[in-house]
Amino acid sequence: MEIRPTAIPDVVVVEPKVFGDARGYFYESFNRRRLEALLGRPLDFVQDNQSLSARGVLRGLHYQLPHPQGKLVRVTRGEVFDVAVDLRRGSPTCGRWVGEVLSETSKNQLWIPEGFAHGFLVLSERAEFLYKTTDYYHPETERCIRWDDRALAISWPALGAPPSVSAKDAAGLALSDAPLFEPHGSSST
């Protein structure tokens, strides 16, 4: 397992070492000690989530305040464009985003620390998406930033039709109206 930095240093691509032959492949998808050493921080995952989505489905941009979640995300079937938006007040990259294509072929994962909004767009006919989280889901504290916020100007891949979003995601806030993460876990508008 190795990590590759992105344009936002705290968000990293986790690249597993895959052993393959004519029979198939094997790889270690998670090793707490190794990932903690690579990230230089402790990890305590408490919940695993899984979703299946069709081509053109866009989920996000989600985050929780309080109860922020760090996420280790991967795709086991299909391909997605995965996005993390820095919402950490005072961060030199606050309000910026990074995007990575994750697929069953690459087997890469994305580490998104606490303090980020997260979303993805399905590029394949179907995609199975898995993620480990460092805090439990708290629906009463879930927040959403609009996927198409002009201030973010996310370069979502064009699929020939507008993405399919939930009513909740379509009603997301603009970045300028969204509460941000404070260094010590409180929120502010």
Long-range amide H contacts for residue 134: which residues qualify at under 5 Å (H placed 1.01 Å from N, peptide plane, sequence gap of 5 or more or a different chain)?
46, 70
All aspartates and glutamates inside 17 Å of residue 168 as judged from Cα atoms, apart from same-chain residues fewer than 8 positions distant
140, 142, 148, 149, 177
Please work out the Cα center distance from region 103-124 to region 137-169, rounded to the nearest Å.
14 Å
Cβ-placed point charges (K, R +1; D, E -1), dipole of region 36-126 about Cα centre in debye, nearest 20:
160 debye
FRET efficiency estimate (nearest 0.05) - Cβ-Cβ, residue 138 to residue 30, R0 25 angstrom:
0.60
Surrounding net charge for residue 80, when Lys and Arg each add one and Asp and Glu each subtract one, Cβ distance under 14 Å:
+1
Can you return the aspartates and glutamates within cross-link range of residue 17? Criterion is Cα-Cα under 17 Å, with same-chain partners fewer than 8 residues away left out.
2, 28, 36, 104
Net charge over other residues, Cβ less than 11 angstrom from the Cβ of residue 147 (K, R count +1; D, E count -1)
-1
Which lysines have a Cα lying under 20 Å from the Cα of residue 71, excluding residues fewer than 8 positions away in the same chain?
107, 132
So what's the back-of-envelope 222 nm ellipticity for the chain, counting only DSSP H runs of four-plus at -39500 (n - 2.57) apiece and dividing by all residues, rounded to 500?
-1500 deg cm²/dmol
Tally Lys and Arg at +1 and Asp and Glu at -1 over the other residues with C-beta under 9 Å from the C-beta of residue 112: what net charge comes out?
-2
Given R₀ = 41 Å, what would the calculated FRET efficiency be for residue 104 paired with residue 176, taking r from the Cβ atoms and rounding to 0.05?
0.65
Positive-end residue of 115, 12, 137, charge dipole of the chain with Cβ unit charges
12
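Any read-out appearing in this document is the output of simple, stated calculations on the displayed coordinates, not a laboratory observation. Please read all numbers here as calculations on a predicted model, not as lab measurements. Reconstructed Cβ throughout: ideal geometry from the backbone, glycine too, with neighbour counts over all protein chains shown.
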